[in-house]
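Written out below as structure tokens is the structure these notes cover.
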Amino acid sequence: MNAIISITNLSKSYATGFQALKDVSLEIRKGEIFALLGPNGAGKTTLISTTCGIVRPTSGSVTVDGHDIIKDYRAARSLIGLVPQELTTDAFESVWNTVSFSRGLFGKSPNPAHIEKVLRDLSLWDKKDNRIMTLSGGMKRRLLIAKALSHEPKILFLDEPTAGVDVNLRRDMWALVRALRDSGVTIILTTHYIDEAEEMADRIGVINQGEIILVENKVELMHKLGRKQLTVQLHQAIEYVPESLAAYRLELMTDGTELVYRYDTRADQTGIASLLAALGKAGIDFKDLQTKQSSLEDIFVSLVREGQ
């Protein structure tokens, strides 16, 4: 799949000496949903701002559909819709006028039908004549997305798009993002909600301390770096794990009625069969087995810890 954004050796240092980005190279594929994960201060917003031409890099280059973000700023920026974390609109302006004005900023001719569709898709149509100051927090968040979509961009950046939004609205916005992707829009999102990335993303990138530490297909990432947990429910509680089972590093849980065994999904052998045989030899009877795959959040936390 062709790259619609190419970031090469991108670095950003501020006058204070703080280096927000360190030699970042990354390609975003056309038509994908790419989730950029990282702890606070990792460089997510700086990377987005630099890619969108808002922050000037110290070194390196960014091209958007072949257009250099500095040398050909206007063409590159016209392809991008940006939904920032913070609301930056005139509180006294109406929803309709705000979104229409955003379209005009990109030199697009008026298109009331498109503005209406965007507002309807975002459940804002009945608020089109309301002043922004009267909207709820969730509605203001949707308004930011409407502004970003006003000029029909090929690429949409969503910087913490569902922060402070209730669960039902989050799911509505997920559906909208998928629909945009299906229509050919490339989506790049940052999020603190790991379940959001796990639910929506095609690929995952992890940034920490200004460096990209991993880029991987989501399914492959969870398969390669995921761990599984086997919970053995016992017929009778035990007070301690017998010495003969020490090699399995079992954890005794739930008042001695469960044994937890963790194993690597990449290993040639899981060790489960030998564990069950060893339990029998130790005289420990079990009544049920349950397995659990590690979540994307587990993987993310372990990656960040390794990178520190």
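Summary table below
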| item | result |
| --- | --- |
| Under 28 Å from Lys30, Cα to Cα: lysines that are on another chain or at least 8 residues apart | Lys12, Lys22, Lys44, Lys71, Lys108, Lys117, Lys147, Lys154, Lys218, Lys224 |
| Top of Met222, Met253, Met139 by mean-square fluctuation, Gaussian network on the chain, Cα under 10 Å | Met253 |
| Anisotropy class of the range 227-294 from Cα gyration tensor, a/c 1.5 cut | prolate |
| Over the chain: helical MRE at 222 nm, DSSP H runs n ≥ 4 each giving -39500 (n - 2.57), nearest 500 | -9500 deg cm²/dmol |
| Helix 112-121 vs. the chain, principal-axis angle (Cα, 0 to 90°, nearest 10) | 20 |
| Asp65 long-range amide H proximity, modeled H, under 5 Å | Ile5, Ser6 |
| On Cα atoms only, tilt of 272-281 relative to the major axis of the chain in degrees | 30 |
| Anisotropy class of the chain from Cα gyration tensor, a/c 1.5 cut | prolate |
| In order through the range 201-216: 3J(HN,Hα) via Karplus (6.51 cos²θ - 1.76 cosθ + 1.60), integer Hz, x for Gly, Pro | 6, 8, 10, 10, x, 10, 10, 8, 6, x, 10, 6, 9, 6, 9, 7 |
| Relative contact order [Cα under 8 Å, 6+ residues apart], the range 133-230, whole percent | 21 |
| Value of Rg/Rh across the range 1-154 [Cα atoms, Kirkwood radius] | 1.01 |
| Principal-axis tilt of helix 296-307 within the chain, Cα atoms, nearest 10 degrees | 90 |
| Projected-area mean, the range 113-204, by convex hull of Cα positions, square nanometres | 5.9 |
| Value of relative contact order over the chain, rounded to a whole percent, pairs C-alpha under 8 Å and six or more apart | 19 |
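Readers should treat all values here as calculations from the given coordinates under stated rules, not as data from a laboratory. Remember, it's a predicted structure, so these values are computed and weren't measured experimentally.
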